[in-house]
Each structure stands twice: as structure tokens, then as C-alpha cells.
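Notes follow once the structure below has been shown.
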Amino acid sequence: SGVTKGENCLIIGAGPIGLAAIVFAKLAGARVIVLDMAAHRLEFCRNSMGVDETIVLSDQLEADLRRVTNGDLPDVVIDATGSNLSMSNAFGYVAPTGRLVRGRPAQADENGPGYAQVCAEGRGAPTSDVRVVPADTDRFGVGHGYDTSPSPGAPAAIARATAKIRDKAQLLAGM
């Protein structure tokens with residue numbers, strides 16, 4: 001996932017795979033946020049693993065994420081659940097320039113175009129510019145998410161994202 005120092009890293013699922021992801025994210029120097037449905041798992045993450053923030057799954061999840069990330073969404077989201085529903089929802093939790101990592105493979109389904117639409121709409125980009133490509137090459141074959149022929153709407157979407165990044169940088173710099 002390339003988690004780096006200072007990034008907000010959301011780990012979805014505080015089971016064994018999620019706990020391992022916490023260790024690696026903390027070693028990389030990330031600010032770790034853990035999401036789970038079970039309060040006792042989140043308590044363990046806070047008390048025993050030194051996690052920065054924990055969130056219990058709720059209908060207010062995006063607001064909770066923005067609250068603990070100063071209005072942003074996480075730079076990196078690692079879904080360690082293996083649940084297709086969780087993984088499809090995770091597209092909506094990652095920052096526009098962020099990365100989504102599936103912590104363990106899920107069954108392939110026919111919803112790839114739907115996931116791309118959710119991801120694109122959340123970022124103001126055309127759906128044709130988003131590729132959903134599983135990384136498990138043994139199960140799904142080799143593929144890459146880079147689109148060499150973007151749609152006509154791509155320049156405007158890139159300009160909007162760039163403006164948001166510039167505005168945030170100016171805000172942080174006190175300009």
C-alpha cells in the first residue's frame with residue numbers, strides 16, 4: 001500500500017488481518033484509524049495496540065472519518081474484512097488522491113462497473129476514467145488500473161481535484 005509517515009490510514013476490520021495491518025501502518029509512521037462493528041475489538045486496538053482513533057460502524061461514517069481527519073478522508077484505506085459489501089463501500093472512504101487496498105481477496109462479482117461509478121462520482125470524474133482491477137492475479141488475471149485514453153471530461157475533473165489540493169495546501173501554509 002505504500003503507507004508513509006504522517007498519512008491518515010483507515011483500517012477496516014480489527015480481526016487478525018486488520019491487526020497485522022495496524023502493526024505495519026504504525027511502523028511506517030502513519031496515523032492509524034480503525035473501523036469495526038465490534039466495540040470490544042476497537043477497545044483492544046486503543047488500549048493494546050496504541051491506535052490513534054477508532055470508529056464504530058454507523059450511518060454517520062463519513063462524518064466520523066472527516067471529524068478525525070480534520071475534514072478530509074483517509075489517504076490510505078485498507079479493507080481487511082474480505083467482505084464484498086465492505087470493499088465496495090470502501091471506495092467512498094478514501095481521499096480523492098488516496099489509495100484503497102484490499103487486505104485479503106474477496107470473491108469476484110459483477111459489480112465492478114458499479115464500484116467504478118461510486119468512486120468516480122465521489123471524485124467528480126467520469127466513470128470511464130476509473131478502473132476496478134483486482135490485484136489477485138492468480139484468481140483474476142493480470143491487469144492495471146491506468147487508463148491511457150481518458151474521456152473528454154477528464155481534464156475538468158483533474159482541474160477540480162488540483163484546485164482542491166492547491167486550496168488545502170494554501171490553507172495549511174497559512175496563505
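Subtracting the Cα-Cα distance from 0.36 nm times the residue separation, let me have the gained length for THR97 to VAL23 in nm, one decimal. Present the calculation step by step, with values, prior to reporting the outcome.
On the way: separation 74, 0.36 × 74 = 26.64 nm, distance 2.36 nm.
Length gained, THR97 through VAL23: 24.3 nm.
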Using 16 Å as the cut-off for backbone N distance, which residues of the range 11-26 belong to the label zone defined by a point 7 Å from the Cα of LEU57 along Cα→Cβ?
-> 11-19
Could you work out the relative contact order of the range 4-72, using alpha carbon pairs under 8 angstrom and six or more residues apart, expressed as a whole percent?
-> 28
With every protein chain left in place, what is the accessible area per residue of the range 9-109 in square angstrom, probe 1.4 Å?
-> 48
Cα to Cα, under 21 Å, and not fewer than 8 places away if on the same chain: which lysines meet these conditions relative to LYS26?
-> LYS5
Length added when fully stretched, LYS168-ALA38, from 0.36 nm per residue minus Cα-Cα | 43.4 nm
Give a residue-ordered list of calculated ³J(HN,Hα) values for the range 64-69 (Karplus: 6.51 cos²θ - 1.76 cosθ + 1.60, θ = phi - 60°; whole Hz; x for Gly, Pro).
-> 4, 4, 5, 5, 8, 10
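The values are calculated or read from the model by the stated rules, or taken from the named source; none is laboratory data. What you see is a predicted model, and the numbers here were worked out from it, not measured in a lab. Here Cβ is always computed from backbone atoms with ideal geometry, including for glycine, and neighbour counts include all displayed protein chains. Calculation scope for accessible area: heavy atoms of the full protein, side chains included, ligands and nucleic acids excluded. Shrake-Rupley method; radii C 1.70, N 1.55, O 1.52, S 1.80 Å.
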